[in-house]
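Written below as structure tokens is the structure these notes are about.
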Amino acid sequence: MNYTFNIIIIEDTVRILPEKFDKALEVVTYEELKAKHEGIVSKDLGFVIAVTDIKVNPIGKIIPGDGATYHTVSFTLLTYYPEIQEIVEGEVVEIEDFGVFVRIGPIDALIHVSQVIDNFVSYDEKQVALIAKETGRILRKGDVVRARITVVSFAKEGSSGKIGMTMRQPFLGKLEWIADEVKKGKPALKTTPEKTIASEE
């Protein structure tokens, strides 16, 4: 499963409180940067996965009336920015009556039940699966699927984000389904869905 990750180099200033002076500067700096950046979602950066390659200046500055020290620091952020129309593969991690959640990179994307397959689909609560009425195809937790990203939504507060995908196009879907399509020689994909980037209120 291939995903496009980004490495972003950043320079910033970290504030070290007096009660943390007994810890190693590198350790405290990492803790501060981790708390500030990891897990954040933004329209500019995408999904921030990890802080790495920290280089902190051991000589800090003191502001009168403030007992903390301020140190310049350079570091890199490992991020994932999903692209509209990007085709990705992932594992089904959850199935509900309204659709399935697929793990792509560091996040779970939603495929609405209407976008699972070009067929009427019903939710089987006993099997915890989605079943296509005409073809009998079954989608369960643990299945690996290929899908196209159609919607990327970033919350304004930067604390969450949503990705919507579809499998209702040729050569998308559960990998076993795709193998069947290839054997049958179905035509290549010709349609291109509209791009949608949304910001939640």
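The values are calculated or read from the model by the stated rules, or taken from the named source; none is laboratory data. Keep in mind that this is a model prediction, so the values were computed, not measured. Please note: Cβ atoms are built from the backbone with ideal geometry, for glycine as well, and neighbour counts cover all protein chains shown.
Confirm whether Ile131 is more than 15 Å from Glu91 (Cβ to Cβ) and surrounded by 14 or more Cβ atoms within 10 Å (Cβ to Cβ).
Details: more than 15 Å from Glu91 (Cβ to Cβ): yes; surrounded by 14 or more Cβ atoms within 10 Å (Cβ to Cβ): yes.
Answer is yes for this residue.
Restrict the check to the range 81-91 and report whether at least one residue is out of contact with any Pro (no Cβ under 6 Å at 6 or more places or on another chain) and aromatic (Phe, Trp, Tyr). Give the steps one after another, and end with the answer.
Taking the range 81-91 first, the residues out of contact with any Pro (no Cβ under 6 Å at 6 or more places or on another chain) are 81-91.
Within this subset, residues satisfying the condition of being aromatic (Phe, Trp, Tyr) are 81.
Yes, some residue in the range 81-91 is out of contact with any Pro (no Cβ under 6 Å at 6 or more places or on another chain) and aromatic (Phe, Trp, Tyr).
Restricting the search to the range 83-104, which residues are crowded, with 21+ Cβ neighbours inside 10 Å and either assigned by TED's automatic domain parsing to the domain that holds Gly60 or in contact (Cβ under 8 Å) with a residue 60 or more places away in the chain (or both)? The answer is Val88, Gly90, Val102, Ile104.
Does at least one position in the range 27-46 carry a residue that is small (Gly, Ala, Ser), in a strand (DSSP E or B) and out of contact with any helix residue (DSSP H, G or I) (no Cβ under 8 Å at 6 or more places or on another chain)? Quick ask: steps written out before the conclusion?
So in the range 27-46, the residues small (Gly, Ala, Ser) come out as 35, 39, 42, 46.
Subset that is in a strand (DSSP E or B): 42, 46.
Retained after the next criterion (residues that are out of contact with any helix residue (DSSP H, G or I) (no Cβ under 8 Å at 6 or more places or on another chain)): 42, 46.
Scanning the range 27-46 turns up at least one residue that is small (Gly, Ala, Ser), in a strand (DSSP E or B) and out of contact with any helix residue (DSSP H, G or I) (no Cβ under 8 Å at 6 or more places or on another chain).
Give the residues of the range 156-170 that are at pLDDT 90 or above and either over 17 Å from the mean Cα position of the chain (by Cα) or acidic (Asp, Glu) (or both), sorted by residue number. Before you say what the answer is, go through the steps one by one.
We begin by selecting, within the range 156-170, every residue at pLDDT 90 or above; these are 163-168.
Passing the criteria: Met167, Arg168.
Residues that are surrounded by 18 or more Cβ atoms within 10 Å (Cβ to Cβ), among the hydrophobic types (A, V, I, L, M, F, W, C), touching a strand residue (DSSP E or B) at 6+ places or on another chain (Cβ under 6 Å) and within 24 Å of Arg168 (Cα to Cα) are absent from the range 63-79 altogether. Among the residues of the range 7-26, those identified as among the acidic types (Asp, Glu), outside any strand (DSSP E or B) and loosely packed, with under 13 Cβ neighbours inside 10 Å are Glu19, Asp22.
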